[in-house]
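Before any comments, here is the structure.
What follows draws every value from the coordinates through simple rules; no lab data is involved. From a predicted model like this one, the values you see are computed outputs, not experimental measurements. Virtual Cβ from ideal backbone geometry, glycine too; neighbours counted across all protein chains shown.
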């Protein structure tokens, strides 16, 4: 699991002219490798200095620069790769990480173990978009959450995940919740005649997550959900290596990296390429037109990054939440097409005829777009 | 370690008038608690809904709102506290987390185990600012890094930390580096006649960090450095609870949270209050006037947050890096006063008479400001 000899990372720099952009690119190459004046670097470490390979004006005042890093600065450590890509540079305005070579990702990270294909096989649906809902709110007991889950399953929903705020609170301890929900879903499936997959939220300390991952698998859950920007991305890749359950990644606490226009990490790079490399099989992020900050173009770009293969890594599912209702599904299915999971929450809970009917109605609509 | 019955978090919302601000505050209270339309919340979970307590215009178009959360939504889980404070809201523009009650922090987090007082006692310096430098660059061997360390110690430096890019690369494996550097520092102390503390960088997977923490302690290191936004903040609080070595937190990969003006987390809240609560005894962050993005006013505010007591938690050291040179130290000591650690890097490595003389010169200057 050694790193390749070198790898290239790509950044966008906001600069008013070429000389300012050159200065920024050079600063990134030094900051992210030796972090000291190049003249002061001892001869035995000069091989560690990164190098600016290209610099072109991409849009007005946005300069695209490729920087070549020595693989020995990373040496197979997933967190050190993030550190080299964007550690201190995260503290600078006007610099955005937009890409990195597939090869280094393929070499030191597990990638998705299931991906779109694996999740489709588990749920038994090949030719249409998938539906997903969230069990909520915090405060309900395992039995109350399980009742909802059973109704969603009876209505034929494809995926159910925990709300990202459900961890291991006294009101709904993880082990009890998973058992109750799995049982209710398996009963609901008898009525719908199809599979419903359950992804409980295992986020917690690394130790708790390893334990909850096993509880989930042993209790018959079909996947797990992780909040990698709270747990740390390293835990996600470790659990992916077990190759036991698909992983759905959720963007809680990740927003600051992606929502500014001119610094941070490009949303497709983070939610698509990096999460995929760290082992996510499905990536939750906010749809446009809802209560969050992305435009439709940005969502399309993140979708594209999820659905790409990256070298050896297969495509993963975009899971779009926010602003999706039974009433406007046409528009979103048209826009985002079939390799999408549509996450629908409030709109199923609020239906006057109850969650089972609401789900059936949503599901029939989704199935009509084959 | 139960949570208090309720706790209050404070946010700044960017809004053009009161009605927009009211809408934003209400949206935070729902998003960060039940995350569904309040009318759809079942009666048995209505106690989970957070409540807007106050809303005042603080500056032009910046509204300060206090939101009261039920403690049962957190239930003693440190990551769930972050999730409740800023999980999904991190994905919204115009909202900034600026404060949270001391009580909930004091109840569920360890806080600093050493703080300013503990570090001063370890280094034996009570009445002046402290000096710190970083061992670098990546690519040097343990022996080469140890040679530098020995010279810095002989010159009388107070603290030495690893560069944040030194983890466990083949060029400098963690265990070998710590042993070599500790030995060299203890020799250097013979010449200087004073203590020099060493903080190796233990960042890695949770398992690797627990192991490296013990290696550091058993090898005679005086503290550890952690990159909590790469490792996950949870590991830091777990290691703090061991009460064995002081912890220096470093901001790699944390920048996006703090550098925008109108979203994310206020820098003093993150680097001061939150890091302190999660167990940091010293907080590294970028000085103004250097190559990073903070103003002097922002640095003063972060310093203030580090040096405050927060309920039961004692003050911690701000460690200011970037732009500090032997030649401009006067200015910074005047500005930031004695409860500060000044991190000086390149300027010691570049000195024509070598690192030992450079350190001695810097140290004498620092000691003259008592």
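Across all directions of projection, what mean area in square nanometres is found for the Cα convex hull of region B:283-360? Display every interim value, and only then the final one.
Numbers: hull surface 22.3 nm².
Approximately 5.6 nm², given one-decimal rounding.
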*Fewest to most neighbouring Cβ within 10 Å: what's the order for B:241, B:360, A:326?*
B:241, A:326, B:360
_Virtual paramagnetic centre 7 Å along Cα→Cβ of residue B:325, amide N under 14 Å, in region A:20-41_ = A:37
*How far apart are the residue B:191 label points across copies, placing each 7 Å from Cα toward Cβ, in nm, shortest first?*
8.0
_Rounded to two decimals, what is the ratio between the C-alpha radius of gyration of region A:1-130 and 2.2 N^0.38 Å?_
1.29
*Output, in nm with one decimal and in ascending order, the distances from the residue B:207 label point to the matching label points of the other copies (7 Å from Cα along Cα-to-Cβ).*
1.5
*Report the label-to-label distance for residue B:262 and residue B:353 in nanometres (one decimal), using points 7 Å from each Cα along the Cα→Cβ vector.*
5.2 nm
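How long are the three semi-axes of the equivalent ellipsoid of region B:213-296, in whole Å, if each is the root of 5 times an eigenvalue of the C-alpha gyration tensor, listed from largest down? Don't jump to the answer; show the numbers that get you there.
Numbers: eigenvalues 133, 36, 20 Å².
Taking √(5λ) for each eigenvalue gives 26, 13, 10 Å, largest first.
Taking the protein assembly as shown, how much of its Cα-Cα pair set, in percent, is spaced more than 53 angstrom apart?
Working: 25043 of 273430 pairs.
Taking all Cα-Cα pairs of the protein assembly as shown, the fraction more than 53 Å apart is 9 percent.
Need the full-extension length gain, residue B:19 to residue B:218, defined as separation in residues times 0.36 nm minus the C-alpha distance. One decimal, nm.
Values: separation 199, 0.36 × 199 = 71.64 nm, distance 5.89 nm.
Here the answer is 65.8 nm.
What per residue convex hull volume, in Å³, comes out for region B:54-120 when only alpha-carbon positions are used? Can you show the working numbers first?
Working: hull volume 9.2 nm³, N = 67.
Considering the Cα atoms of region B:54-120, their hull volume per residue is 138 Å³.
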_Exercise: per-residue mean of other protein chain Cβ atoms within 10 Å, A:234-241_ = 3
*Averaged over peptide A:44-54, how many Cβ atoms belonging to another chain are found within 10 Å of each residue's Cβ?*
3
*Shortest first and in nm to one decimal, what separations exist between residue A:18 and its copies in the other chains, measuring from label points 7 Å along the Cα-to-beta-carbon line?*
5.6
*asked:* I need B:122, B:109 ordered by Cβ neighbour count within 10 Å, fewest first.
replied: B:122, B:109
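Report for chain B the percent antiparallel among DSSP-assigned beta bridges with both residues inside it, nearest 5.
Given both bridge residues lie in chain B, the antiparallel proportion sits at roughly 45 percent.
With each run of n ≥ 4 DSSP H residues scored as -39500 (n - 2.57), what mean residue ellipticity at 222 nm is computed for chain B after dividing by its residue count and rounding to the nearest 500 deg cm²/dmol?
Working: 14 runs with 137 residues, N = 370.
Rounded to the nearest 500, it is -11000 deg cm²/dmol.
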_Looking at the calculated P(r) for region A:219-365, what percent of the C-alpha pair distances fall above 26 Å?_
27 percent
*Peptide A:167-174, shielding by other chains (average Cβ, 10 Å cutoff)*: 4
*Note the angle between two axes, namely the Cα long axis of helix A:296-307 and the longest principal axis of the Cα atoms of chain A, as a number of degrees from 0 to 90, rounded to the nearest 10.*
90 degrees
*Stretched out fully, how many nm does the piece from residue B:68 to residue B:207 gain, at 0.36 nm a residue minus the Cα gap?*
46.4 nm
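Quick one: compute a quarter of the convex hull surface over the Cα atoms of region A:1-65 and quote it in nm².
On the way: hull surface 20.9 nm².
It is 5.2 nm².
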*For region B:80-128 and region A:329-348, compute the distance between their C-alpha centroids and round to whole Å.*
39 Å
_Calculated P(r) tail over 27 Å for chain B, as whole % of Cα pairs_ = 49 percent
*Within 10 Å, count the other beta carbons around each residue, average over each peptide in B:47-58, A:309-320, and list them highest first.*
A:309-320, B:47-58
*Could you work out the relative contact order of region A:11-137, using alpha carbon pairs under 8 angstrom and six or more residues apart, expressed as a whole percent?*
26 percent
_Distance from region B:141-219 to region A:199-222 (C-alpha centre basis), Å_ = 37 Å
